[in-house]
Structures are given as structure tokens and as C-alpha cells.
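The values are calculated or read from the model by the stated rules, or taken from the named source; none is laboratory data. Treat the numbers as computed from the prediction; the structure is a model and nothing was measured. Ideal geometry is used to build each Cβ from the backbone, glycine not excepted, and the neighbour counts take in all protein chains shown. The accessibility values were calculated without ligands, DNA or RNA, using every heavy atom of the protein model including side chains. Shrake-Rupley method; radii C 1.70, N 1.55, O 1.52, S 1.80 Å.
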Amino acid sequence: MPKFDFDVITMGHGSGGLLTHRLLQSGVFDILKNELLDQQHDGASFELEGRTAFSTDSYVISPIFFPGGNIGELAVNGTVNDLAMCGADAKYLSLAFIIEEGLSMEAFWNVLTGVKYAVQKTGVKIVTGDTKVVEKGKGDQLFINTSGVGIIHPKAQIHHDHIEAGDKIIISGNLAQHGIAIMSKRQGLEFETDIVSDTANLNHTVRGLLDVIGPDIKFMRDPTRGGLASVLNELAEIRKLGFVIEQDALPIDEQVEGACEMLGLDPLYVANEGSFVAIVSPQHADLAVSLLHADPNGVNARIIGEVTREHAGKVMLKSRIGGHRVVGYLTGEQLPRIC
């Protein structure tokens, strides 16, 4: 962290004047520099070739530092992953900060470091952005908005219309990891080992799948707010098909499962930030899981169920003892401010 002549963010840092200039020059532009951002223009000019995907998201997580990451890393990974779920490789991101007056420069610098770390891992470039400061009490430390554009893989044909009965449901990693990491931090829970967020970039993982399987990946979605249950309910409603998942097949860390029981939470509804749901044709489902197991982001990947014509419009959970229950939409707010 460089030596700044101020320790906290003040309203002056949002004025557009000297303090804003110092904050951007010594902080944002310096740590995130690249040939496009260095132009320091109101926007970025670049060329794209091929089908293009665009996504935007805002991050209001509390706390902004959590086991396994921080709001900066989460913001980059989140938008990169949203593009990956479209079959796109993220190329360029915007980055906008809404900072609450009084945030320490050390905290802001650590967030910027998280952004830089995520950018380096994903290979995406921050090319434009914005910084605003709001009065103390009106921002809860820091909010971030990121928008991104990416090039869609030539073999990607990802659309819910392609889903049909017999397709397999795959989850790429453990359920509920991010949401429980946040809750453990808020509630001061202690475990034998730390539960950390699964926040990670998935663009390289998805690219590897598309290179090999291509159109046999019918659909992808990262189960963030609302978790796995919400993703599958949306698909069941849209496609008028049944989605049956098996309780025994769900990958859940033992400590995460224990924390869910302690807190009265259902892991099917708890957010993830480094895994995705894929609907894959049955003839290539085993290959998809095998490819995922060879990737650091997919070591816990499993086939967890299949699409059927029965139970049309519903998500069903087959329990360990063989019974079935309906898994509906989340009602109310289970976990506030988790992304």
C-alpha cells in the first residue's frame, strides 16, 4: 500500500477535485493499470469480433471482507461468471465504486488488491469506471457495480429452449459454501477448520467444457442468491418439465451442512459464488463431470439429477430413504446481503 496523505475517504474524494484526482491516480489507476484504462477517458474504445454477451451486477455484501475473499474479488468474479454462463469469455469490465464517507484507505486498498488479484486470474481488463462518495450512514462502507462484455464461444448454444427430458443436471462444486462463510462471519461461529467462500472465476473452466462438449451443454447458471433451488425452479417453470434431484448426490461440505442445521437453513437455497449448474445431454454428462474433476473449480462436480416429463413445472427432491418432496421457490429472505 502506498503512502497516502489521508487515512479515510472523505466527501472531498467524491467532489471531482484534487482529492478525487489523488485517490484515482495513486489508487485505482495505479493498481489496475492497462493500456485502455490508462487513457483515463469517460469510456473505453475497443474492438470485438464474434457473438457478444453483456452483463451487469451490483455488490452490496456485508461484511465487505469475509473468509476467502472480499467485495472487490467477488465483484470481478461475479460478472465474469455471469458472462461465462452465457458461454462467453469475459474481455472487458467496468468498475464503479459507491464509497461511504469514513471508509479507511487501508480497507479500500485491500479491496483494490482483491480486484487486481481477480483480474489477473480471469485475464479480463478493467477499462472504465466511476467513483462516488456518499455521506456517512448512507452507504454501509462500500458498494460496487461491475458490467462486462465477452465473446461467446463458437461452440456455445446455451438456451433453456434446448433442455429436454432425459438431460442430466450437474453441479460443479459444493453447495452453500459462500452463504455459510458469510453467515459464520456475521454470527461469530467457530468450526474445526475455517469455512471459506467459494468465490472463484469460472471462465477458464467453462471454456474447457465448451471446447470439448460444445452444444451438448444445454444450459448453465451460477446459483447465487436463492441457490440451486431457485435456478431449477425457474427452469421448471419456463420449460414445463420436471427437475428431479437426489439428496444423496448433492455435494455439501460436512461443516457447511452442520452450520446449515445449526442456523436452520436449507443448503438448497444458500448462495454459491464459485460453482454452476449445467444441464447436459445424457450421452456427454459423464464426460462433462470427468472434465470438471480435472479442473480446480470442479473437483466436487457431480450429476445430481435429471430432467423428466413427470412433475411438470416442479422441482422434486428424492430423499435418502426414497421419498419425494417438492422443492419450491424460497419464500421471504433467508440470507440478507450475501453478494
| query | Quick check: anything in segment 317-326 part of a loop (DSSP other than H, G, I, E, B), among the hydroxyl-bearing types (Ser, Thr, Tyr), within 24 Å of the chain's Cα centre (by Cα) and within 29 Å of ILE182 (Cβ to Cβ)? | reply | no
| Tally, over segment 281-309, of residues that are in contact with a Lys or Arg (Cβ under 7 Å, 6 or more places away or on another chain), part of a helix (DSSP H, G or I) and closer than 23 Å to ASP82 by Cα | 2
| request: Find the helices (runs of 4 or more DSSP H) located wholly in segment 143-252 whose residues include 1 or more that are surrounded by fewer than 21 Cβ atoms within 10 Å (Cβ to Cβ) and modelled with pLDDT of 95 or more, and list them. | output: 203-212, 227-239
| field | Check on TYR117, assigned to a helix (DSSP H, G or I), under 18 Å from the mean Cα position of the chain (by Cα) and either buried (at least 22 other Cβ atoms within 10 Å of the Cβ) or in contact (Cβ under 8 Å) with a residue 12 or more places away in the chain (or both) | value | yes
| query | Quick check: anything in segment 96-114 under 17 Å from ILE151 (Cα atoms), out of contact with any helix residue (DSSP H, G or I) (no Cβ under 8 Å at 6 or more places or on another chain) and open to solvent by 10 Å² or more (accessible area, probe 1.4 Å)? | reply | no
| Matching residues in segment 19-60 - criterion: being open to solvent by less than 50 Å² (accessible area, probe 1.4 Å), of a type in the set (S, T, N, Q) and in contact with a helix residue (DSSP H, G or I) (Cβ under 8 Å, 6 or more places away or on another chain) | THR20, SER55
| request: From the list ILE71, ILE99, pick out the single residue that is aliphatic (A, V, I, L, M) and within 20 Å of the chain's Cα centre (by Cα). | output: ILE71
| remark: When restricted to VAL299, VAL256, VAL307, the only residue surrounded by 21 or more Cβ atoms within 10 Å (Cβ to Cβ), closer than 29 Å to GLN187 by Cβ and among the aliphatic types (A, V, I, L, M) is VAL256
| field | ALA278 buried (at least 19 other Cβ atoms within 10 Å of the Cβ), part of a helix (DSSP H, G or I) and at pLDDT 95 or above | value | no
